[in-house]
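Take a look at the structure below.
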Amino acid sequence: MLITHTEENYLKAVYKLAGKEKKSVGTNAISKQMKTTAASVTDMIKRLSDKQLVNYERYRGVTLTNDGNRHATQLIRKHRLWEVFLVEKLNFRWEQVHDIAEQLEHIKSENLIHRLDAFLGSPRFDPHGDPIPNAEGKFMLRSQTPLSEMSEGSSSILLGVKEHDTPFLEYLNSLNIKLGTEIRILEKIKFDNSLKIVVDESSQSVISEKVSQNLFVRRK
């Protein structure tokens, strides 16, 4: 069965919007995620339904079928493996790789992805700390907490970031924050829930609540 790049992007969007609970996703949410019109979403959902990749119930939303879920998971696997390759082997920075991986993820060759995985040593997480599903579509889970929920005086290690946009990652670069960075909370500012932090026991900064909510850490 031939699946176009656009159809693959819709499957991935539904997968991400559905979350771990695999809840039904409304067409308005898909429209916003894909930055397109509701009419275009409706047409695409019909195409994907005809290919038995999604189920759609009026007023209840869209869910992925088993085949749709498998395709979406493999797309995510390819995307995150390519990000690892770009960072570790071609020396791209973590804020540079998302758009390139968006193009590379549509390569169909399963043999290429199998070899890429082996070449990289079967990594479990990508350069942003997101888990990479294995060939069977299984994710490795780990305990992590938003920095915003850590207590004053605590020290933690950055495991991942929720937001992948280039401006956000460049902002973290300016604060010398990257995966593996130690972050100690010096003060939780009650006025706006911002945090005064020290990074790797060297530089101090104040970050907003929005930023701290997008940093996933484990207690040191």
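What ranking of Ile183, Ile113 emerges when the number of other C-beta atoms within 10 Å of each C-beta is taken as an exposure proxy, fewest first? The partial results should precede the final answer.
Numbers: Ile183 24, Ile113 19.
Ranked by crowding around the Cβ, least crowded first: Ile113, Ile183.
Roughly speaking, what is the centre-to-centre gap between segment 42-83 and segment 145-173 when only Cα atoms are used, to the nearest Å?
About 30 Å separates the Cα centre of segment 42-83 from the one of segment 145-173.
Filter Lys22/Lys78; Lys108/Lys162; Lys138/Lys210; Lys12/Lys35 down to the pairs with a C-alpha to C-alpha distance above 18 Å, please.
Check vs 18 Å cut-off fails for Lys22/Lys78; Lys108/Lys162; Lys138/Lys210.
Residues with beta-carbon under 9 Å from that of Leu75, excluding Leu75: net charge, scoring Lys, Arg +1 and Asp, Glu -1?
On the way: positive: Lys12, Arg77, Lys78; negative: Glu8, Glu105.
Overall, the nearby charge balance is +1.
Starting with the fewest neighbours, write out Ser31, Ser154 ranked by other beta-carbon atoms found within 10 Å of each beta-carbon. Walk me through the numbers on the way to the answer.
Numbers: Ser31 17, Ser154 14.
Result, fewest neighbours first: Ser154, Ser31.
What value, in deg cm²/dmol to 500, does the helix sum -39500 (n - 2.57) over DSSP H runs of n ≥ 4 give at 222 nm once divided by the residues of the chain?
On the way: 8 runs with 89 residues, N = 220.
The helix-only estimate for the chain comes to -12500 deg cm²/dmol at 222 nm.
Can you give the angle from 0 to 90° between the axis of helix 110-119 and the longest principal axis of the chain, with both taken from C-alpha atoms, to the nearest 10?
Helix 110-119 and the main axis of the chain meet at about 20 degrees.
Return the equivalent ellipsoid semi-axes of the chain as a descending list in whole Å, where each equals the square root of 5 times an eigenvalue of the C-alpha gyration tensor. Show your work: numbers first, answer last.
Numbers: eigenvalues 233, 96, 42 Å².
Listed largest to smallest, the semi-axes of the chain are 34, 22, 15 Å.
Where Lys and Arg each count +1 and Asp and Glu each count -1, what net charge lies around Gly160 among other residues with Cβ under 14 Å from its Cβ? It would help to have the intermediate numbers written out before the result.
Working: positive: Arg80, Arg124, Arg142, Lys162, Lys178, Arg218; negative: Glu83, Asp126, Asp130, Glu163.
Around Gly160, the charge tally is +2.
Find, among the GluC sites (Glu not before Pro) in segment 146-220, those assigned to loop by DSSP (not H, G, I, E, B) with at most 13 other beta-carbon atoms within 10 angstrom.
Numbers: sites: Glu149, Glu152, Glu163, Glu170, Glu182, Glu187, Glu201, Glu209; in loops: Glu152, Glu163, Glu201.
Counting only loop positions with at most 13 other Cβ atoms within 10 Å, the GluC sites (Glu not before Pro) in segment 146-220 are Glu152, Glu201.
Tell me the relative contact order for the chain as a rounded percent, counting alpha carbon contacts under 8 Å between residues six or more apart.
Values: 325 pairs, mean separation 32.9, N = 220.
Across the chain, relative contact order equals 15 percent.
Would you please give the residues with an amide H less than 5 Å from that of Phe92, counting only those at least 5 places away or on a separate chain, with H modeled from the backbone geometry?
Hits under the 5 Å cutoff: Val87.
Taking the Cβ of each residue in Arg218, Arg80 as the centre, tally the other Cβ atoms inside 10 Å and list the residues starting with the fewest.
Numbers: Arg218 14, Arg80 23.
Sorted ascending by nearby Cβ count, the order is Arg218, Arg80.
How far apart, in nanometres, would the label points at Asn176 and His106 be if each is projected 7 angstrom from Cα along the Cα-to-Cβ direction?
4.2
On a 0 to 90° scale, report how tilted helix 38-50 is relative to the longest principal axis of the chain, with both axes built from alpha carbons and the result rounded to the nearest 10.
Here the helix axis deviates by roughly 60 degrees.
Only the coordinates and a few stated rules stand behind these numbers; no lab work does. Owing to the predicted nature of the structure, the values given are computational and were not obtained by experimental measurement. Reconstructed Cβ throughout: ideal geometry from the backbone, glycine too, with neighbour counts over all protein chains shown.
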